[in-house]
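Visitor: Next up is a structure, given as structure tokens.
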Amino acid sequence: MNAAPTPLDSAQPIATSAQKHSRSFPWERIARQAILIAASLLVLLPAYFMMVTALKTPEAYSLSKFSLPNPLTLENFDVAMRGGRFLLWFLNSSILAIGAVALSLTVSAPAAFAIARMQFRGGHSFLALNTALMVLPPVVMLVPLFLFLANVRLISTYPGAALVYAGLVTPFSIYLLTNFFRSIPHELVESALIDGASSLTILLQIMTPLSAPALVTLVIVNGLWVWNDLLIALVLLPRDELRTLMVGITVFGSRYNNDVPVAMAGMLLASVPMLIAYLLGQRYFIRGLVAGAVKG
Amino acid sequence: MLRTSRFVPYLYLTPAALLLAFTFGYPLIAIFDFSVRRIRGASGPFVGLENYRQVLNDSVFHLSVAHNAQLLLAVPILLGIGLLLAILLYERPRFWPLYRTLLFLPYILAVPLIGVVFSNMLQLNGVINEILRAIGLRALALDWLGSAGLALWSVMGVIIWREVGFGMTLFLARLQSLNEEVTEAARIDGANWWQRAIYVTIPQLRGVIEFYIVVSIITMLAWVFSYVYVMTRGGPGNATIVIEMYLYNFAFRNALPGVASAVAVILFLFTLALTIPLFRLRAQALEEDRT
């Protein structure tokens, strides 16, 4: 499933010594595998449950929850598609995630560029303040944001919610881009300066293309953040047709609380795109989330 | 450093500063203002510390704080399991990349999705209880989310299930950046697995462990809303209400933004108090990376 080499795979020497070691202590190897297999099974149990249940008839489900589906049915997906507006929710989440991520990147890149590459009063304090904002829970800001957006009639609109989401992910964008811009070799900037490039040219034609890895990380981490959020969407987008996928499946889940196979069919529909994205872009997910935590 | 005229850096900074002022600056000032008013619509009359008095005397608020405090018990569990898995994967057992992919997966999945699936699994006649009965643990087949005494523990279990992969990945990334010679030397000197973990590996991870503890504490205090909302809505009764849920109820169900803002101020001060050590630890962790 995952054979592609990732940056984390690069440290090779330990492999040989660990293998040598395991050969001399087979019980240690067995214990290690046993723990990892047990943990993996625990992780997989909900996925297994979701899949087999989604394919079961209600009668088969009431007889046995754990067993494989027999007879197989696709009826649940049909009911789920009629009971929930998955395509609409999916579209709403995509619009918000794309809008918020694009806006955040657009304002963060110039700011990070200034902080990383120019000397001016307040640059350091701005970065320190920005980093502190990264751990602030959004619920703290939610009441004034809600009242403000209600006053300017941006409640229940894409722009209102996208603006809030963009703002909330911007501290991380600035933090990551500043660190990345700082790591770009000075010679590249220097030679462009000699050619008479303006600072804007340097940002757009040198810094941005060289920062592709950081930009990909930001698109993934921030996009995932917006995509997975429930609280803000619940409060800022109360209209039915503006529901995001997360609000949608929460409502869907409680509506079909007594029809578990349909509920699970719905969850399966909602999770497939994410699972595919994860398996394809796993290393960016991991790198991005680890970068957000400790390293620059 | 680029040489530019004095105003140019501020020009680059302005759009981001405006956006941050809108999402963080204004709301952080406004909650202090709202918290001393009886808000109707956009503002209202000054009421002094009345809102705070109401919150601090409310037994439901006490209950919420107690529940968040109980969730803190998840932190040592998360740390223990995360470390164990990271150390096991670091030794590169067979199939380790597959295990890593699988074990990190829950952290990618959205909380509402996990919440809906688990709340179905944890029903009284759900799959978890069916498995427990099948393996002879009939006495353990309980109403996991429906009974007041158990519901919060069940929610905590789901939080642990999802968040463990993050700690594991964090520790593993740090381990792989370490110099293996130290561990190797300990091995040659005859230290067993346990001794190597306790005396060699874990001390080298100190910075990232401390950082992880603080981040997890903040998570348990102020980032658990969606778990609770999806699985229990704070119930049964108020058995799983947490501070965020309490705030949400006051702001958006009871329409008392003044009271909700008082809660927001309290939560903000909590987080701020934790952010300061976090900063020190982050600086330390970066320092360790350089050495």
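Visitor: Against the definition (touching a Ser or Thr at 6+ places or on another chain (Cβ under 8 Å), open to solvent by less than 10 Å² (accessible area, probe 1.4 Å) and farther than 30 Å from A:PHE148 by Cβ), how does B:THR240 come out, yes or no? If you could, list the steps in order and put the result at the bottom.
Guide: Numbers: touching a Ser or Thr at 6+ places or on another chain (Cβ under 8 Å): yes; open to solvent by less than 10 Å² (accessible area, probe 1.4 Å): yes; farther than 30 Å from A:PHE148 by Cβ: yes.
For B:THR240, the condition - touching a Ser or Thr at 6+ places or on another chain (Cβ under 8 Å), open to solvent by less than 10 Å² (accessible area, probe 1.4 Å) and farther than 30 Å from A:PHE148 by Cβ - is met.
Visitor: Check B:ALA255 against each of (1) assigned to a helix (DSSP H, G or I); (2) surrounded by fewer than 24 Cβ atoms within 10 Å (Cβ to Cβ) and name the one condition it does not meet.
Guide: (1)
Visitor: Return the residues of segment B:198-208 that are surrounded by fewer than 20 Cβ atoms within 10 Å (Cβ to Cβ) and not polar (S, T, N, Q); say none if nothing qualifies.
Guide: Filtering segment B:198-208 for residues surrounded by fewer than 20 Cβ atoms within 10 Å (Cβ to Cβ) gives B:198-200, B:202-204, B:206-207.
Answer for segment B:198-208, where residues must be surrounded by fewer than 20 Cβ atoms within 10 Å (Cβ to Cβ) and not polar (S, T, N, Q): B:ILE198, B:TYR199, B:VAL200, B:ILE202, B:PRO203, B:ARG206, B:GLY207.
Visitor: What about A:SER108, is it within 8 Å of chain B (Cβ to nearest Cβ) and open to solvent by less than 70 Å² (accessible area, probe 1.4 Å)? First the steps, then the outcome.
Guide: Details: within 8 Å of chain B (Cβ to nearest Cβ): yes; open to solvent by less than 70 Å² (accessible area, probe 1.4 Å): yes.
Judged against the criteria, A:SER108 is a match.
Visitor: When you check A:VAL43 against the structure, is it part of a loop (DSSP other than H, G, I, E, B), of a type in the set (Val, Ile, Thr) and under 30 Å from B:LEU88 (Cα atoms), yes or no? Give the steps one after another, and end with the answer.
Guide: Numbers: part of a loop (DSSP other than H, G, I, E, B): no; of a type in the set (Val, Ile, Thr): yes; under 30 Å from B:LEU88 (Cα atoms): yes.
Considered against the rule, which asks whether it is part of a loop (DSSP other than H, G, I, E, B), of a type in the set (Val, Ile, Thr) and under 30 Å from B:LEU88 (Cα atoms), A:VAL43 comes out as no.
Visitor: Assess whether A:SER198 counts as being open to solvent by 20 Å² or more (accessible area, probe 1.4 Å), polar (S, T, N, Q) and farther than 18 Å from B:PRO27 by Cβ. Steps first, please.
Guide: Numbers: open to solvent by 20 Å² or more (accessible area, probe 1.4 Å): yes; polar (S, T, N, Q): yes; farther than 18 Å from B:PRO27 by Cβ: yes.
Yes.
Visitor: Checking B:SER64 against (1) open to solvent by 50 Å² or more (accessible area, probe 1.4 Å); (2) part of a helix (DSSP H, G or I); (3) more than 8 Å from chain A (Cβ to nearest Cβ): exactly one of these is not met. Which one?
Guide: (1)
Visitor: Is at least one residue of segment B:123-132 modelled with pLDDT under 95, open to solvent by less than 30 Å² (accessible area, probe 1.4 Å), part of a loop (DSSP other than H, G, I, E, B) and over 28 Å from A:GLY223 (Cα atoms)?
Guide: Yes, segment B:123-132 contains at least one residue that is modelled with pLDDT under 95, open to solvent by less than 30 Å² (accessible area, probe 1.4 Å), part of a loop (DSSP other than H, G, I, E, B) and over 28 Å from A:GLY223 (Cα atoms).
Visitor: Of all residues in segment A:70-87 being in a loop (DSSP other than H, G, I, E, B) and either farther than 23 Å from A:LEU242 by Cα or within 13 Å of another protein chain (Cβ to nearest Cβ) (or both), which is modelled with the highest pLDDT? Steps first, please.
Guide: At the first step, the residues of segment A:70-87 found to be in a loop (DSSP other than H, G, I, E, B) are A:70-74, A:84-85.
Restricting the remaining residues to those that are either farther than 23 Å from A:LEU242 by Cα or within 13 Å of another protein chain (Cβ to nearest Cβ) (or both) gives A:70-74, A:84.
Working: A:ASN70: 83, A:PRO71: 85, A:LEU72: 88, A:THR73: 88, A:LEU74: 91, A:GLY84: 88.
The qualifying residue modelled with the highest pLDDT is A:LEU74.
Visitor: Right, another one. Any idea which of B:ALA285, B:ALA251 is at pLDDT below 95, aliphatic (A, V, I, L, M) and under 17 Å from B:GLU50 (Cβ atoms)?
Guide: Only one candidate qualifies: B:ALA251.
Visitor: Can I ask one more? Here is a list of conditions, (1) touching a helix residue (DSSP H, G or I) at 6+ places or on another chain (Cβ under 8 Å); (2) more than 8 Å from chain A (Cβ to nearest Cβ); (3) without any contact (Cβ under 8 Å) to a residue 40 or more places away in the chain, and B:VAL127 meets all of them except one; can you say which number that is?
Guide: That leaves (2) as the condition not met.
Visitor: The conditions are (1) open to solvent by 10 Å² or more (accessible area, probe 1.4 Å); (2) more than 8 Å from every other protein chain (Cβ to nearest Cβ); (3) under 19 Å from B:GLY126 (Cα atoms); (4) not β-branched (Val, Ile, Thr), and A:ARG283 fails exactly one of them. Which is it?
Guide: Going through the list (1) open to solvent by 10 Å² or more (accessible area, probe 1.4 Å); (2) more than 8 Å from every other protein chain (Cβ to nearest Cβ); (3) under 19 Å from B:GLY126 (Cα atoms); (4) not β-branched (Val, Ile, Thr), A:ARG283 breaks only (3).
Visitor: Go through segment A:193-225 and give me each residue that's β-branched (Val, Ile, Thr) and in contact (Cβ under 8 Å) with a residue 12 or more places away in the chain.
Guide: Filtering segment A:193-225 down to residues β-branched (Val, Ile, Thr) leaves A:194, A:201-202, A:206, A:208, A:216-217, A:219-221.
Within segment A:193-225, A:ILE202, A:ILE206, A:THR208, A:VAL216, A:THR217, A:VAL219, A:ILE220, A:VAL221 meet the criteria.
Visitor: Of these, A:PHE86, A:PHE113, A:PHE90, which one is more than 30 Å from A:SER156 (Cβ to Cβ) and of a type in the set (Phe, Trp, Tyr)? Reasoning before the result, please.
Guide: On the way: A:PHE86 fails: more than 30 Å from A:SER156 (Cβ to Cβ); A:PHE90 fails: more than 30 Å from A:SER156 (Cβ to Cβ).
Step by step, each of A:PHE86, A:PHE113, A:PHE90 is checked, and only A:PHE113 is more than 30 Å from A:SER156 (Cβ to Cβ) and of a type in the set (Phe, Trp, Tyr).
Visitor: Check A:MET267, A:MET246, A:MET274 and return the single one that is under 14 Å from A:LEU96 (Cα atoms) and either under 15 Å from the mean Cα position of the chain (by Cα) or within 9 Å of another protein chain (Cβ to nearest Cβ) (or both).
Guide: On the way: A:MET267 fails: under 14 Å from A:LEU96 (Cα atoms); A:MET274 fails: under 14 Å from A:LEU96 (Cα atoms).
Testing whether each residue is under 14 Å from A:LEU96 (Cα atoms) and either under 15 Å from the mean Cα position of the chain (by Cα) or within 9 Å of another protein chain (Cβ to nearest Cβ) (or both) leaves just A:MET246.
Visitor: If A:VAL101 satisfies every condition in (1) open to solvent by less than 30 Å² (accessible area, probe 1.4 Å); (2) of a type outside the set (Phe, Trp, Tyr); (3) within 9 Å of chain B (Cβ to nearest Cβ) but one, which is the exception?
Guide: (3)
Visitor: Would you check if A:SER67 is assigned to a helix (DSSP H, G or I) and either of a type in the set (Ser, Thr, Tyr) or open to solvent by 50 Å² or more (accessible area, probe 1.4 Å) (or both)? Let's see the steps before the verdict.
Guide: Values: assigned to a helix (DSSP H, G or I): no; either of a type in the set (Ser, Thr, Tyr) or open to solvent by 50 Å² or more (accessible area, probe 1.4 Å) (or both): yes.
In short, no.
Visitor: Could you look through segment B:49-91, keep only residues that are more than 16 Å from the chain's Cα centre (by Cα) and among the β-branched types (Val, Ile, Thr), and pick out the one that is farthest from B:VAL164 (Cα to Cα)?
Guide: B:VAL55
Per-residue answers, yes or no, for (1) open to solvent by less than 10 Å² (accessible area, probe 1.4 Å); (2) touching a residue at least 60 places away in the same chain (Cβ under 8 Å):
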position	(1), (2)
A:ALA112	yes, yes
A:PRO137	yes, no
A:SER156	no, yes
A:LEU163	no, yes
A:THR170	yes, yes
A:ILE174	yes, yes
A:THR178	yes, yes
A:PHE181	yes, yes
A:PRO185	no, no
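Visitor: Let me ask another. Restricting attention to segment B:95-113, report how many residues are open to solvent by 10 Å² or more (accessible area, probe 1.4 Å) and either closer than 17 Å to B:PHE166 by Cβ or in a loop (DSSP other than H, G, I, E, B) (or both).
Guide: In the first step, residues of segment B:95-113 are kept if they are open to solvent by 10 Å² or more (accessible area, probe 1.4 Å); the result is B:95-99, B:102, B:105, B:107, B:109, B:111, B:113.
Those left that are additionally either closer than 17 Å to B:PHE166 by Cβ or in a loop (DSSP other than H, G, I, E, B) (or both): B:95, B:99, B:102, B:105, B:107, B:109, B:111, B:113.
So the answer is 8.
Visitor: I'd like to check which helices (runs of 4 or more DSSP H) are fully inside segment B:146-230 and have at least 2 residues that are facing chain A (nearest Cβ under 10 Å), at pLDDT below 90 and under 28 Å from B:LEU63 (Cβ atoms). Even if it seems obvious, please write down each step before you answer.
Guide: Working: elements: B:148-176, B:180-188, B:206-222.
Result: B:206-222.
Visitor: Show the residue pairs meeting these rules: Cβ distance below 7 Å; 6+ apart or different chains; first residue within segment B:13-38 and more than 9 Å from chain A (Cβ to nearest Cβ) and outside any helix (DSSP H, G or I); second residue crowded, with 17+ Cβ neighbours inside 10 Å and of a type in the set (A, V, I, L, M).
Guide: Final answer for the pair search is B:SER35/B:ALA262; B:SER35/B:VAL265.
The values are calculated or read from the model by the stated rules, or taken from the named source; none is laboratory data. Quantities reported herein were computed from a predicted structural model and do not represent experimental measurements. As a convention, Cβ positions derive from the backbone with ideal geometry for all residues, glycine included, and neighbour counts pool all protein chains shown. Remember, those area values only see protein heavy atoms, side chains included, never the ligands or the DNA or RNA. Shrake-Rupley method; radii C 1.70, N 1.55, O 1.52, S 1.80 Å.
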